[in-house]
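*Asks:* Supplied in structure tokens, the structure appears directly below.
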Amino acid sequence: MALVTRLSRLFQADFHAVLDRIEEPDLQLRQAVREMQFALDQDQQRQQLLQHEADQLAKVVVSFNDKLCALDEELDICLAAKKDDLARDLVRRKLAAEKQLQAKRDRAAAIDQQRQVLTRQIGEQAQQLAGMKQKLELLVKTDDPVPVGSFNPTDTIRDEEIEI
């Protein structure tokens, strides 16, 4: 029984070796490198979009701060003139602007956190991609030092060199 088990394992190992060679691991590795590069490019584009959105939010926050300063000045004028009905309207507009400003600041903080996580992921992906590229270079160098079709021994031998 042990002999049959050993023979089956030997046959199975040889069969797996044949399958590995048929599957062409260098092509699979190249495909994996392409997929990793594509994923890295997508994450970098996403990071650029988040940066653009963060820049836009920063501009909006500045405009809201300017608007709040203007509302404060108008409110001081209304209170000095004892125009309570106008002051109430300004207070209402100021509170609405403060809520919107807080929402924009919260969104900016969330975007900043997403950018930090994405930056970390991009760094890890770049390291993995570099490792995969090194493996691919090693596999290609050790597998086939001379490209197929580039060297034909009959091309360099002339008829005069052959003695019968």
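The values are calculated or read from the model by the stated rules, or taken from the named source; none is laboratory data. Keep in mind it's a predicted model, so treat the numbers as computed, not measured. Here the Cβ is made from the backbone with ideal geometry for all residues, glycine too, and neighbour counts use every protein chain on show. Calculation scope for accessible area: heavy atoms of the full protein, side chains included, ligands and nucleic acids excluded. Shrake-Rupley method; radii C 1.70, N 1.55, O 1.52, S 1.80 Å.
*Asks:* Between His16 and Gln42, what FRET efficiency comes out of the Förster formula 1/(1 + (r/R0)^6) with R0 = 25 Å and r the beta carbon distance, rounded to 0.05?
*Replies:* For Gln42 and His16, the calculated efficiency is 0.10.
*Asks:* Still on this structure, please answer the following. When the accessible area of segment 1-97 is split by element with a 1.4 Å probe, what percent falls to carbon and sulfur?
*Replies:* 59
*Asks:* Which FRET efficiency value, to the nearest 0.05, is calculated for Glu98 and Ala130 with the Förster distance at 45 angstrom and r the Cβ-Cβ distance? Walk me through the numbers on the way to the answer.
*Replies:* Values: r = 48 Å, r/R0 = 1.07.
Computed FRET efficiency for Glu98 and Ala130: 0.40.
*Asks:* What does the accessible area per residue of segment 49-89 come to in Å², with a 1.4 Å probe and no ligands, DNA or RNA counted?
*Replies:* 71
*Asks:* Still on this structure, please answer the following. Relative contact order for segment 1-145: what percent, with Cα pairs under 8 Å and sequence separation of 6 or more?
*Replies:* Values: 54 pairs, mean separation 56.5, N = 145.
About 39 percent, as a whole number.
*Asks:* Given the Cα-Cα distance of Val4 and Leu68 and 0.36 nm per residue of separation, how much length would full extension add, in nm?
*Replies:* Here the segment from Val4 to Leu68 would lengthen by 14.4 nm.
*Asks:* A further question follows. R0 = 22 Å: FRET efficiency of Val60 with Asp112, Cβ-based, nearest 0.05?
*Replies:* Working from the Cβ atoms, E equals 0.90.
*Asks:* Quick one: the Cα spread of segment 1-149 along its three principal axes, in angstroms, biggest first?
*Replies:* 105, 45, 17
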